[in-house]
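Since the structure comes first, as structure tokens, the remarks are kept for the end.
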Amino acid sequence: MREIDLVIIGGGAAGMSGALGALNNGTQSILIIEKESDVGGILNQCIHNGFGLHTFKEELSGPSYAEKYYNQLDLNKIEIKYESQVISISEDKILLISSKDGYEEIKAKAILLASGSKERTGAVISLKGDRPIGVYTAGTAQKYLNIDGILVGKKVFILGSGDIGLIMARRMTLEGAKVLGVAELMPYSNGLARNIKQCLEDFDIPLHLSHTVTRVIGYPRLKAIELAKVDENRQVIEDTKQIIECDCLLLSVGLIPDDSLIEDLNVKMAKNVIVDNNYMSSISGIFLAGNALHIHDLVDFVSSEGYEAGVACAHYIKDNKVAEIKHHSIVGDGIGYIIPQVFDDSDVTFSFRVNRIFKKCKIHIVGDGIDKTINKLSLVPSEMERIKLTKEELSNIKGDLKIEVLS
Amino acid sequence: MYDVAIIGAGISGSLIAHELSKYDLKIAVFEKEADMAQGASGANSAIVHSGHDPIDGTLKAKFNVLGNRMFKGLCEELQVAYKEIGAFVCATNKQEEETLMTLYERAKSRDIKCELLEPSKALELEPNLSDDVTKVLSLPTTGIITPWEVVISAMEEANINGTDVFLETEVKTLEYKDGIYTINEQYQTKVLIDAAGVYADDIYRLLAPCDYDITPRKGEYFILDHLKHNVVNRVIYPVPGKKGKGVLVVPTIHNNILLGPNSDPIDYKDDISTSNGLDYVKANVTKTVKNIPFNKIIHTYAGLRPSGNYHDFVIKEDDDYKNFIHVACIESPGLASSPAIAKYVCDELVLPKFESHLKENYIRRTPLTIMNNLSLEEKNQKIKENPEFGEIVCRCEKISKAEVKEAINRPLGATSIKGVKRRVRPGMGACQGGFCEPLIFKILKEELNLKDEEVKYDGQGSEVMKAKAKELL
């Protein structure tokens, strides 16, 4: 059985920078498992601009952003096993991998799960009505269009204002489809402000806030959707139902971390897989980063998280260094989730999202030995917040640390 | 001229064709959809009931009991999956316990293996039974199948042995003259079998006023993803009520869980939409089972039961039209009964009309390769023979490119994305085709020499592509 120090599952943004983080910190034996024939992951189908503003201070397309990382992997001769799929992982970190060369078992000292996310489907949101062709998740429609040159609809309606949906509203318009509108269940958009502006407003595509699709109509092809307004409790207001004719409904209703490979292991879960400040799960040597851990809105943050996780993997491999868990992150009022959920006294970057919109508010970080507030003009669920606390700040605290929003 | 023409490629039609194809008869099957098992046979609870439920004296009781005993052998013959996982019928109060006793007595009188269990004993075997359960009837001979796999495989084997299968061929006209039936003014047959599911009465009416009526009853279901720990290990029924067997929890062959169905009469025979029936399913399923992870729902679907106004199967030769055989109103337990119905129709109704003999060179179908069922050594041997067995196209269900190609390139193989999905499962997993569908699209296009605009999700009118990029500008 081949033995590798660090096996990285997924050659997307998180996996590639994870490899570089580990390499730069002394790990020599690294293998990236990639299911496609190229690295880059979902970046390869994101041909729009807007990637790399934080990391490279320039606006790149998805493939160009991926290429920058690939060039560094190539330069450092990091081994990538293409067209390969991890079938299973055991708790003692033996991976079973399928490829054209056969099934191979590899023993790893550390594993970085960077397998990205999957899209929420119509079934997950209990989309009701007929079951016609023409209902697609936005990412699948994006792959059909940007990779294969195929438009899956001429008259398109979009449910959910997640970023992929907004990007697809513009893409499909530019490629010749008519995008009739975007419905969002919440009273606020779930996409980045710049995407609302550049993808909807610039193309006069209406955004229907507090609206949802109550029924899909047509068989075998989608003929129409039923759109309705919802009240403040997200209940459909019956007399607002209207029929909109369209041949395609795109769903942009959120992403779910794809942690299915470690689901069957005894890994501790909260809303997400529980990790420490080194991005290590409750199983020693299994790390997670990027969308496989929690959903990001900017790839730059995926890359930096991947890099940090890669660094932690290197230290784990070299010195068996693990976080000595002393504290838990407590999700306070207004907060959806916090990563990491457990941590020690080193520098820790907390990533979290709020669960509703706040204007002129404070982020309050509080515990025995810490009481810190950060003023914010606004906080929205669609934008991830990151706060770094230094080891000096953390060394004084006893017990757990709560993050909450004070409005 | 055909000896026998069968209308409908559901479980009844396909098993009758399969049974008859063993004899030297000329057989045709007409199906309006692009694939087999597209009606009730493709959307149901996937259970081979033990035969405890139908009331005495009905065809349902007769064929269910026999069918259950035949099913394992049939699946071995077709080389498809059958699992005898057993079932619990769960009572939650005194009144239901009385009904349970009736079922118990009925099962015993039919020589169906059964046992009454106290909740404590039942909980040992099914820890997630609801705390409200007061008495359990265990029916260990209850089985599960993948219904469309049985249908498709039976039809495939019939086809290999000479049965003509006309897909996307709706029967629009029927004529009877001089002892011969003519279908669509084109195909002639001596014996005509109406196995058209919810449309059986409509087919009958093409010839004469129909003496039964079918009102479809819709059932809606949820499917749960593979779970680390199964919620249940066997089929869990509530005590049956007026509307049928109630809302069930059913493990599937591929380690998913089905929850459903509800039961609502509907007006249109093509209404397979999902609506608030799902809310009903959610509310009722917890009566018998607790700890159901509703957050693991990956799919919803609805099926139509072809319910007749006499509340029993209609299986007989027509009184007025000679050699016209009705196999109609095959609602639950139709699936479980189907091997027995096919045998009866073949042996009692069709074969006596001909001087036919068993074929000497009957050919068995070649089963599909299922990589997930092979050992590591066997997998590597397969990949050595064909590296595409190592190329995973469906990451949720771990299906290789070669398995997809096998499903396409075979008699009555898949011609659509849905056809591939039902034969080898890409799209059945948590992503519901989000990742793999564009890959399956490409494989179909290459294997069937199609243009982009010709690749379909299912039948006519379900082409994936609406336009090429920039074509509309």
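So which of A:LYS229/A:LYS362; B:LYS245/B:LYS282; B:LYS228/B:LYS405 end up more than 20 Å apart, counting from Cα to Cα?
Numbers: A:LYS229/A:LYS362 32 Å; B:LYS245/B:LYS282 16 Å; B:LYS228/B:LYS405 30 Å.
From A:LYS229/A:LYS362; B:LYS245/B:LYS282; B:LYS228/B:LYS405, over 20 Å: A:LYS229/A:LYS362; B:LYS228/B:LYS405.
Evaluate the relative contact order of the stretch B:115-156 (contact order divided by residue number), counting alpha-carbon pairs under 8 angstrom at least 6 apart; express in whole percent.
Working: 21 pairs, mean separation 17.6, N = 42.
Relative CO of the stretch B:115-156 lands at 42 percent.
Using the beta-carbon distance between B:ASP164 and A:ASP333 and R0 = 45 Å, what value does 1/(1 + (r/R0)^6) give for FRET efficiency, to the nearest 0.05? Mind dumping the intermediate values first?
Details: r = 69 Å, r/R0 = 1.54.
Rounded to the nearest 0.05, the efficiency is 0.05.
Test of understanding: express the Cα radius of gyration of the stretch A:327-375 as a ratio to 2.2 N^0.38 Å, with N the residue count.
Details: Rg = 11.3 Å, N = 49, 2.2 N^0.38 = 9.7 Å.
So the stretch A:327-375 has a normalised radius of gyration of 1.17.
If each of B:LYS470 and A:SER346 carries a label point 7 Å out from its Cα toward its Cβ, how far apart are those two points in nm?
5.0
Determine the distance separating the Cα centre of the stretch B:406-463 from the Cα centre of the stretch A:270-321; give it in Å without decimals.
First find each Cα centre; the distance between them is then 37 Å.
Relative contact order, percent, of chain A when contacts are C-alpha pairs under 8 Å separated by at least 6 residues? Walk me through the intermediate numbers first.
On the way: 997 pairs, mean separation 67.8, N = 407.
17 percent.
Would you compute, from DSSP H runs of 4+ residues alone, the mean residue ellipticity of the protein assembly as shown at 222 nm, taking -39500 (n - 2.57) per run and dividing by the full residue count, rounded to the nearest 500? Intermediate results must be reported in sequence, preceding the final value.
Details: 19 runs with 206 residues, N = 880.
My calculation for the protein assembly as shown gives -7000 deg cm²/dmol from helical runs alone.
Beyond 18 Å between alpha-carbons counts as too far, so tell me which of B:LYS398/B:LYS421; A:LYS118/A:LYS271; A:LYS155/B:LYS32; A:LYS35/A:LYS118 fall in that bin.
As for pairs spanning more than 18 Å Cα to Cα, those are A:LYS155/B:LYS32.
About its Cα centre, how strong a charge dipole does the stretch B:28-175 have in debye, to the nearest 20, once Lys and Arg get +1 and Asp and Glu get -1 at the Cβ? Could you put the intermediate results ahead of the total?
Details: 14 positive and 26 negative charges, 110 e Å.
That gives the stretch B:28-175 a dipole magnitude of about 520 debye.
Considering only protein heavy atoms, what is the solvent-accessible area of A:ILE274 at a probe of 1.4 Å, reported in Å² to the nearest 10?
Roll a 1.4 Å probe over it and A:ILE274 shows about 40 Å².
Roughly speaking, what % of Cα-Cα pairs in chain B are separated by over 44 Å, rounded to a whole number? Could you put the intermediate results ahead of the total?
On the way: 14422 of 111628 pairs.
For chain B, the share of Cα pairs beyond 44 Å comes to 13 percent.
Quick one: which residues, 5 or more positions from A:LYS155 or on another chain, have an amide H under 5 Å from its amide H? H modelled 1.01 Å from N in the peptide plane, none for Pro or chain starts.
A:LYS178, A:ASP247, A:CYS248
Would you pull out the residues with amide H under 5 Å of B:ASN233's amide H, same chain only if 5 or more places away, H placed 1.01 Å from N?
Counting only residues 5 or more places away or on other chains, the set is empty.
Pull up all non-local amide H partners of A:SER117: gap of 5 or more, or a different chain, and H-to-H distance under 5 Å with H placed in the peptide plane.
A:ASP258
Along the charge dipole of the stretch B:354-473, which of B:ASN380, B:ILE399, B:CYS431 sits closest to the positive end, that is, farthest toward it, with unit charges on the beta carbon of Lys, Arg, Asp and Glu (+1, +1, -1, -1)?
Working it through, the farthest residue towards the positive pole turns out to be B:CYS431.
Given charges of +1 on the Cβ of Lys and Arg and -1 on the Cβ of Asp and Glu, with all other atoms neutral, how large is the dipole of the protein assembly as shown about its Cα centre, in debye to the nearest 20? Walk me through the intermediate numbers first.
Details: 104 positive and 125 negative charges, 194 e Å.
So the dipole magnitude of the protein assembly as shown works out to roughly 920 debye.
Over all directions, the average projected area of the alpha-carbon convex hull for the stretch B:231-386 comes to how many nm²?
Mean projected area for the stretch B:231-386: 15.7 nm², to one decimal.
In what order, largest first, do A:TYR136, B:TYR176 sit by accessible area if the probe radius is 1.4 Å? Walk me through the intermediate numbers first.
Details: A:TYR136 10, B:TYR176 85 Å².
Of A:TYR136, B:TYR176, the descending order of accessible area is B:TYR176, A:TYR136.
Please give the charge dipole size of the stretch B:187-322, origin at the Cα centre, charges +1 on K and R Cβ atoms and -1 on D and E Cβ atoms. Round to the nearest 20 debye. Don't skip to the answer; put the middle values down first.
Working: 17 positive and 17 negative charges, 207 e Å.
For this selection, approximately 1000 debye.
In square angstrom and rounded to 100, what buried accessible area do you get between chains B and A, total over both, with the probe at 1.4 Å? All intermediate terms of the calculation are to be shown ahead of the outcome.
Details: alone 21130 and 18470 Å², together 35160 Å².
Answer for the B-A pair: about 4400 Å² buried.
What net charge do the residues around A:ILE8 carry, taking every other residue with its C-beta under 13 Å from that of A:ILE8, with Lys and Arg at +1 and Asp and Glu at -1? Please list the in-between numbers first.
On the way: positive: A:LYS35, A:LYS81, A:LYS93, A:LYS109; negative: A:ASP5, A:GLU34, A:GLU79.
Charge balance near A:ILE8 sits at +1.
Could you give P(r) for the protein assembly as shown, binned at 10 Å from zero, as whole percent values over all Cα-Cα pairs?
Pair shares across the bins are 2, 12, 20, 23, 20, 13, 7, 3, 1, 0, 0.
State, as an integer percentage, the relative contact order of the stretch B:230-372 based on alpha-carbon contacts under 8 Å between residues 6 or more apart. Intermediate values should be presented prior to the final figure.
Values: 124 pairs, mean separation 19.2, N = 143.
Computed over the stretch B:230-372, the figure is 13 percent.
Compute the distribution of all C-alpha to C-alpha distances in the stretch A:31-103, in bins of 10 Å from 0, and list the percent of pairs in each, rounded to whole numbers.
Binned Cα distances yield the sequence 18, 38, 30, 12, 1.
Can you find, among A:PHE157, A:GLY332, A:VAL405, the residue farthest towards the positive end of the dipole of chain A? Put +1 on the C-beta of Lys and Arg, -1 on that of Asp and Glu.
A:PHE157
Just reorder A:SER117, A:SER98 by solvent-accessible area, largest first, 1.4 Å probe, all chains present. Intermediate results must be reported in sequence, preceding the final value.
Details: A:SER117 20, A:SER98 0 Å².
Largest accessible area first, the residues go A:SER117, A:SER98.
Can you tell me the FRET efficiency between A:LYS372 and A:GLU324 if r is taken as the Cβ-Cβ distance and R0 is 25 Å, rounded to the nearest 0.05?
Working: r = 23 Å, r/R0 = 0.91.
That gives a FRET efficiency of 0.65.
If you keep only loop residues by DSSP, which trypsin sites (Lys or Arg not before Pro) in the stretch B:18-77 have at most 16 other Cβ atoms within 10 Å of their Cβ?
Working: sites: B:LYS22, B:LYS26, B:LYS32, B:LYS60, B:LYS62, B:ARG69, B:LYS72; in loops: B:LYS22, B:LYS26, B:LYS32.
Filter output for the stretch B:18-77: B:LYS22, B:LYS26.
Can you figure out the FRET efficiency of B:PHE354 with B:ASP202, using R₀ = 35 Å and their beta-carbon distance, to the nearest 0.05?
Numbers: r = 28 Å, r/R0 = 0.80.
So the FRET efficiency works out to roughly 0.80.
What shape does the stretch A:1-160 have by the C-alpha gyration tensor, where a ≥ b ≥ c are the square roots of the eigenvalues, rounded means a/c under 1.5, and otherwise prolate means a/b greater than b/c and oblate the rest?
Because a/c hits 1.5 or more and a/b fails to exceed b/c, the stretch A:1-160 counts as oblate.
Please state, to two decimals, what the Cα-based radius of gyration of the stretch A:265-407 comes to when divided by 2.2 N^0.38 Å (N = residues). Numbers along the way, then the final one.
On the way: Rg = 14.8 Å, N = 143, 2.2 N^0.38 = 14.5 Å.
That ratio works out to 1.02.
If you count only protein heavy atoms with a 1.4 Å probe, what accessible area per residue comes out for the stretch A:1-136, rounded to a whole Å²? All intermediate terms of the calculation are to be shown ahead of the outcome.
On the way: 5340 Å² over 136 residues.
Heavy-atom SASA per residue in the stretch A:1-136 reads 39 Å².
Given the whole protein assembly as supplied and a 1.4 Å probe, what does the accessible area of B:ASP347 come to in Å², nearest 10?
The value for B:ASP347 is about 50 Å².
Return one whole number: the accessible area per residue of chain B in Å², for a 1.4 Å probe. It would help to have the intermediate numbers written out before the result.
On the way: 18950 Å² over 473 residues.
In whole numbers, chain B has 40 Å² accessible per residue.
What ratio of Cα Rg to 2.2 N^0.38 Å holds for the stretch A:126-279?
Values: Rg = 17.1 Å, N = 154, 2.2 N^0.38 = 14.9 Å.
This ratio for the stretch A:126-279 stands at 1.14.
Karplus couplings for the stretch B:319-327 from phi (6.51 cos²θ - 1.76 cosθ + 1.60, θ = phi - 60°), rounded to Hz, Gly and Pro as x?
5, 9, 9, 5, 6, 9, 10, 9, 10
What does the accessible area of A:CYS248 come to, in Å² to the nearest 10, when a probe of 1.4 Å is used?
Roll a 1.4 Å probe over it and A:CYS248 shows about 0 Å².
Can you pick out the pairs among A:LYS143/A:LYS376; B:LYS26/B:LYS316; B:LYS135/B:LYS242; A:LYS107/A:LYS388 whose Cα atoms lie more than 30 Å from each other?
Numbers: A:LYS143/A:LYS376 37 Å; B:LYS26/B:LYS316 21 Å; B:LYS135/B:LYS242 20 Å; A:LYS107/A:LYS388 34 Å.
Going by Cα-Cα distance, A:LYS143/A:LYS376; A:LYS107/A:LYS388 fall outside the 30 Å limit.
Please compute the volume of the convex hull spanned by the alpha-carbon atoms of the stretch A:199-342 and report it per residue in Å³.
Per residue, the Cα convex hull of the stretch A:199-342 comes to 178 Å³.
The values are calculated or read from the model by the stated rules, or taken from the named source; none is laboratory data. Computed from a predicted structure; not experimentally measured. We place every Cβ from the backbone using ideal geometry, glycine too, and count neighbours over all the protein chains shown. Side chains included, ligands, DNA and RNA excluded: accessible areas come from the protein's heavy atoms. Shrake-Rupley method; radii C 1.70, N 1.55, O 1.52, S 1.80 Å.
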